[in-house]
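Right, one structure below, let's go through it.
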Amino acid sequence: MDERRYEPKQIEPKWQEIWAREGTWEVSNDPENTDHREKSYVLEMLPYPSGEPHIGHLKNYALGDAIAHFHRRIGRRVLHPMGYDAFGLPAENNAIKTGVHPRVATDRSIAAYRHWFHRWGISIDWSRELGTHEPSYYRWTQWIFLKLFERDLAYRKTAAVNWCPNDQTVLANEQVIDGRCERCGHLVEVRQLEQWFFRITDYADRLLEDLGTIDWPEHVKAMQRNWIGRSEGAEVVFGCEELGIDYPVFTTRPDTLFGATFFVMAPEHPDVFRLAEGTEHEREVHEYVNRALTETPEQRGAVDKPKTGVPLGRTVANPVNGEQIPMFVADYVLMEYGTGAIMAVPAHDQRDYDFAVAFDLPIRQVVAAQGADGQDGQDGAFSAHTENEVLINSEAFSGMNAVEGQQAIVEWLDREGKGHFSVNYKLRDWLVSRQRYWGCPIPIVYCDSCGMVPVPEEQLPVELPNIEDYQPQGRSPLAAAEDWVNVACPNCHGPAKRETDTMDTFVDSSWYYLRYCDARNDHAAWDRRVLRRWMPVDQYIGGVEHAILHLMYSRFFVKALADMELLDVQEPFQALFTQGMILGPDGNKMSSSKGNVIAPSDIIERFGADAARCYVLFIGPPDQDAAWATTGIEGVHRRLLGRLWRLADELADRGGGKPTNAEEPVDPEGDALTIVRKAHWAIDKVTRDMATRFAFNTALSAIIELINEIYRYPHADPQARRFAAGTAASLLFPFAPHLGAEAYEMLTGRRVWEEPWPDADPERLQTETFELVCQVNGKVRDRVNAPTGAARDELERLCLESRGVQAHLNGQEIAKVIVVPDKLVNVVVR
RNA sequence: GCGGCGGUGGCGCAAUCGGCUGACGCGGUGCCCUCAAAAGGCACUGUCCUUCGGGACGUGUGGGUUCGAGUCCCACCCGCCGCACCA
C-alpha cells in the first residue's frame, strides 16, 4: 500500500496548466456592454523586474489574488492584470558593469517573474500583460508627455536641482532622502541646470482636498498632506531703500509683524552678494556663504546646531511701521521654502529667538495672552491662536484679538500694496528628465529656427536607439548616438537635434493601470469608453514605500488627464491597502548582507505555492510587518493544507455508482449538526473577514477551526463531513487555489472557481441553546446552558440558581441584576 | 517639535458594537499508533495559591466613567513609521 499524502508537486502543476490553457482569468472589455455584473478592478503595484521575485512580492500578489478570487466568486467581473516596471537604473548600471544590454537583462528578469507568477498560481489576465520598456507601451507614455506639454503642464526651466554624482543624473525632490540619493545613497549636490518639469504644483490643492474622497490608510494620507505642505499666511514686502529692491517674505504669522526686528536671507539667495557688496561685511558674507554651501544637508540641518549668520550691512523697511531693520544671511533660512527670505520675530519664533540671543538683537513681544502682563517671551511661537490672545505693541492694531488682528493687518497691507494673503506649499514641481539611457525618450526636438518642437503624434514612438557605451558623463548617453540625435525638424525639416534626456521611470508607472484597461489598443493609449468600464482601481495593494512618489504622481496624472477630458475619474485608486513587510527570521529587514533572506523558490520547492501563500497571509495582520518563521509555514502546511487534503481523500466518493457530491445533508442531527453548523459559522466568518476588512489571518484560522471540527467527529455522518470539507475547500480556494480546486474536485467533481461563494444559512448560525455567562459583581462565577432567545427573567432565574453564583451570594443583598440577552447575566450584590 | 500607528502568555497574534481575555498557529509536555522511526492522531499548556471543590491575580503605568473596561475618557511611559531650522 503506497501511503497517500498531500503532495503539492502533484497537484499544483495540474491546475496551473488548466488555467493557462483555458485563459481562465481573462476578462473581456465588453464593448457591447452586455455584462452587467458589478466590476471590480483589483491591482497590485507592478513589480520592477530584477532577478527573481522576493517574498514581499509573494505576499503582495497573494493578497491581491485572494481579493480577486473572492470578488469573482461573489459575482463580480474582475480585472486582475500584470505587467513590469521595466525601465530603470539597476538594469542600466548592470549594463555598465557587464556590457549586457539592459533590454536583454530586463527581458530575462521578466521571464523569471512571469514564470513564478504562474507557479504561484496567481489568477492573472495574461492577455493584458505589458512592460513599460516596450515601444508599444512607451509610445503612449510619450503621447501623454505631449498632452501635458500642450497644456503647459510639461515645461523646461533652469533651476537649482538635485544632482547625484554617482548615478550622474538629476533627481526629483521626492527621490532625495535626507540629502541623499534614494537609490544609491550618495550625497546629492545642488546644481543649476535646465530640466524638464511637470507642473504638479498646479494640482496641489486638489491633491490635498481629494484625499477626503478616497479610502486609503490614514498614515498614507498624512504623508501626502505632509509632503504637499500647504500653509496659509501672507506675503509681505520688505523694501531695501539703499538698493531700491523689494523683498517679499512668506509668513504664517502676519499678526506678529510689529515684532519683526531683523530680516534674514538664505545663503543661496541670489541677491546676497549684491547686497553685501561695498559694505564692511562683504568678505565675511562671501566666506559664510561659501562655507554654508559646502555643508552637507545633514550638517546644515542638525536640529540642535547653534544659529550662525553674518550681517549684510543693509537694512530693509518693515512695511507696517517703516522701521529700518538689519539684514542678515543665515543658513537656518532655506532657499527652497517660501521666498528664501524671512522676517524674523524673535519674540514669537524659537529659531529667530535663538538667533537674536546669539547676535544680541532686540526682542519685542507683540502678542500676549489676554489679562496676562506679557511675560511669556517667545512662548507660543508655533502654537495656534487662541481666543484670548491679543496684539500688543502694534500701534493701531494693539488690543485686537490676535486672529482679527492678523486679518486686519493683512487687509491694511493689501490696501497699501505691501502684501496680501497667500498660500505656500512645500510641494515642488516634479522634475522628470534624467541624463540616463534606459528610460523613455522625451519626444521633443530642438531646431535652430523653430526652437523646441514636439514630435508629431503620428511619428511616435521615438524609439530608444541601441548604443555601445552606457557610461553617463554628465549628459545622457543618448547624446553620443549621433544618427539618432540628428533629425529633421518636424516643423521646417531643417537640421535639428533630439532631446537626449529620458524620463524618470515614475512617469512610466504613473499611468500603467490605465493601459491595462485597454492594453492591446493600437490606435490610442486607451478608449475612453473602455476606461469607463474599469476605472478607478477598486482595490490597490502595495508597499508603503510608494506612499508619496508613485501614489502622488499617479493621482496628478489622472487629474490632469481628466481635465483634458481623456478619462472620467478624479482618482486612480479608490481604495488602497499597504501591506507590511516580511522580515527575516531574525526580525530584521531581509538583505543578502545580513544573510537572512528567504527565497520564495526554496519555500515553494519544499512546501508548495499554496503553503507559501497561506503562510504569508496567516503570519499576522497583513498590514503589519512580521518575521518569517519556518516552523510557521510547517504549521500551515500540516494543520491546514495536509489535514484538508487527507479529509478530502478520505471522504471523496470514489465512484460506487453514485454521483460524487458534497451537498449539505437535509436534516443533520447530533454530531452531524454540530459539523454543519461549524461550516456555516466558517462561511460567515471568512466572508465577513474578507468583505469588510483585510483580516486574512483570522479568515484562515476560521478554516482551520472548521477542519479541526471535522476531525473531532470521525464517526459523524460522512455526508455532513463531506459537506463541511467541501465548504472548507471552497473557502480556502482564494488563498490556496490549487489545493482548493483539487480538494473540491475530489469531493464534488466540480470546478470550485465556477461555483458561487457559499452562503451562510442564518438558521444554521443560530443554536437552540447557548452558554449563559453568570457573573457576580462582574466576575464570572458559572456558565449554564440556556435556551436561545429566552426571556430576561428566565435568564436571571437560571443565573441565580446556578451553583457558582449561589456559592458567591452568601446571602448578600442583591442590589441589581443586569441581563444581556443571549449572552450573560450580572448579579450586583452589596 | 509636528503628524500617524502600536504596547495582551515562552513566541506570532485573536477578542469586529463596553460583556467569558488569550481564538488559530508556533514552541513545550504527556499519551496512542509502530519492532522502531518518520508521518499521523488525541490531550494538556497565562501566573501564583490550593484542602484539588476551587480561589486570587493578569492586556505598558497611574487615575476616571460603568453593574461590567484590552476596548471609552484624562495624564504619563515606552516602541515603530513619516516629516522636520517649512518661517
Inset, instruction - Just one of (1) modelled with pLDDT of 95 or more; (2) over 26 Å from residue A:751 (Cα atoms); (3) among the polar types (S, T, N, Q) trips up residue A:40, so point out which. - result: (2)
Inset, instruction - Please work out which residue is nearest to RNA strand B (Cβ to nearest atom), limiting yourself to region A:328-349 and to residues that are under 20 Å from residue A:300 (Cβ atoms) and outside any loop (DSSP other than H, G, I, E, B). - result: A:342
Legend entry - Count of residues meeting criterion [touching a residue at least 24 places away in the same chain (Cβ under 8 Å), exposed (fewer than 13 other Cβ atoms within 10 Å of the Cβ) and of a type outside the set (D, E, K, R)] in region A:750-762: 1
Legend entry - Criterion violated by residue A:104 - all others in (1) of a type in the set (A, V, I, L, M, F, W, C); (2) modelled with pLDDT under 95; (3) touching a strand residue (DSSP E or B) at 6+ places or on another chain (Cβ under 6 Å) satisfied: (3)
Inset, instruction - Would you check which residues across region A:793-827 are on the phi < 0 side of the Ramachandran plot, within 12 Å of RNA strand B (Cβ to nearest atom) and under 51 Å from the mean Cα position of the chain (by Cα) and list them? - result: A:817, A:818, A:819, A:820, A:821, A:823, A:824, A:825, A:826, A:827
Inset, instruction - Could you tell me whether any residue of region A:264-273 is assigned to a loop (DSSP other than H, G, I, E, B), out of contact with any helix residue (DSSP H, G or I) (no Cβ under 9 Å at 6 or more places or on another chain), within 12 Å of RNA strand B (Cβ to nearest atom) and aliphatic (A, V, I, L, M)? - result: no
Inset, instruction - Could you grab me the full set of residues in region A:283-300 that are modelled with pLDDT of 90 or more and out of contact with any Phe, Trp or Tyr (no Cβ under 8 Å at 6 or more places or on another chain)? - result: A:283, A:284, A:287, A:288
Inset, instruction - Looking only at region A:153-160, decide whether some residue is surrounded by fewer than 18 Cβ atoms within 10 Å (Cβ to Cβ), modelled with pLDDT under 85 and more than 16 Å from residue A:508 (Cα to Cα). - result: yes
Inset, instruction - Inspect region A:736-749 for any residue being exposed (fewer than 14 other Cβ atoms within 10 Å of the Cβ), over 47 Å from the mean Cα position of the chain (by Cα) and more than 14 Å from RNA strand B (Cβ to nearest atom) and give the result as yes or no. - result: no
Inset, instruction - Could you tell me whether residue A:612 is away from RNA strand B (no atom under 11 Å from the Cβ), closer than 30 Å to residue A:219 by Cα, part of a helix (DSSP H, G or I) and in contact (Cβ under 8 Å) with a residue 60 or more places away in the chain? - result: yes
Legend entry - Close pairs (6 angstrom Cβ cut-off, 6 or more residues apart or separate chains): within 21 Å of residue A:563 (Cα to Cα) in region A:134-160, of a type in the set (D, E, K, R) anywhere: A:141/A:508; A:153/A:199
Inset, instruction - Considering (1) among the basic types (Lys, Arg); (2) more than 8 Å from RNA strand B (Cβ to nearest atom); (3) in contact with a helix residue (DSSP H, G or I) (Cβ under 8 Å, 6 or more places away or on another chain), say which one residue A:307 fails and leave the rest. - result: (2)
Inset, instruction - Pull up region A:708-726, narrow it to residues that are in contact (Cβ under 8 Å) with a residue 60 or more places away in the chain and crowded, with 24+ Cβ neighbours inside 10 Å, then point me to the one that is nearest to RNA strand B (Cβ to nearest atom). - result: A:710
Legend entry - Condition met for residue A:627 (farther than 20 Å from residue A:6 by Cβ, touching a strand residue (DSSP E or B) at 6+ places or on another chain (Cβ under 8 Å) and aliphatic (A, V, I, L, M)): yes
Inset, instruction - Would you mind stating whether residue A:783 is under 21 Å from residue A:681 (Cβ atoms) and away from RNA strand B (no atom under 11 Å from the Cβ)? - result: no
Legend entry - Residue check for residue A:211: hydrophobic (A, V, I, L, M, F, W, C) and without any contact (Cβ under 8 Å) to a residue 40 or more places away in the chain: yes
Inset, instruction - For region A:557-574, enumerate the residues that are more than 17 Å from residue A:147 (Cα to Cα) and not charged (D, E, K, R). - result: A:569, A:570, A:572, A:573, A:574
Legend entry - Checking residue A:248 against (1) within 12 Å of RNA strand B (Cβ to nearest atom); (2) over 17 Å from residue A:353 (Cβ atoms); (3) part of a helix (DSSP H, G or I); (4) touching a residue at least 12 places away in the same chain (Cβ under 8 Å), the condition it does not meet: (3)
Legend entry - Spans of helices (runs of 4 or more DSSP H) in region A:702-788 with at least 3 residues of a type in the set (Gly, Ala, Ser): A:718-732, A:737-748
Legend entry - Condition check for residue A:191: surrounded by fewer than 17 Cβ atoms within 10 Å (Cβ to Cβ), among the charged types (D, E, K, R), at pLDDT 80 or above and closer than 20 Å to residue A:292 by Cα: yes
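For every residue, the table says whether it meets (1) within 13 Å of RNA strand B (Cβ to nearest atom); (2) modelled with pLDDT under 95; (3) β-branched (Val, Ile, Thr).
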| site | (1), (2), (3) |
| --- | --- |
| A:555 | no, no, no |
| A:559 | no, no, no |
| A:565 | no, no, no |
| A:578 | yes, yes, yes |
| A:603 | no, yes, yes |
| A:625 | yes, yes, no |
Inset, instruction - Among the residues of region A:794-818, write down those that are in a helix (DSSP H, G or I) and either touching a Leu at 6+ places or on another chain (Cβ under 6 Å) or in contact (Cβ under 8 Å) with a residue 24 or more places away in the chain (or both). - result: A:795, A:796, A:798, A:799, A:800, A:804, A:805, A:807, A:808, A:809
Inset, instruction - Check every one of the helices (runs of 4 or more DSSP H) wholly within region A:482-538 and list those with 1 or more residues that are of a type in the set (Phe, Trp, Tyr), farther than 26 Å from residue A:213 by Cα and touching a strand residue (DSSP E or B) at 6+ places or on another chain (Cβ under 7 Å). - result: A:482-485
Legend entry - Any chance residue A:770 is within 49 Å of the chain's Cα centre (by Cα) and closer than 27 Å to residue A:19 by Cβ: no
Inset, instruction - Tally the residues that are among the hydrophobic types (A, V, I, L, M, F, W, C) and over 25 Å from the mean Cα position of the chain (by Cα), restricting the search to region A:488-506. - result: 4
Legend entry - Any hit, region A:413-425, residues being within 16 Å of RNA strand B (Cβ to nearest atom) and either at pLDDT below 90 or of a type in the set (S, T, N, Q) (or both): yes
Legend entry - Within region A:580-596, considering residues that are assigned to a loop (DSSP other than H, G, I, E, B) and within 24 Å of the chain's Cα centre (by Cα), the one surrounded by the most Cβ atoms within 10 Å (Cβ to Cβ): A:590
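The values are calculated or read from the model by the stated rules, or taken from the named source; none is laboratory data. Only a predicted model underlies this, so the values are computations on that prediction, with no experimental measurement involved. So basically every Cβ, Gly included, is an ideal-geometry build from the backbone, and we count neighbours across all protein chains shown.
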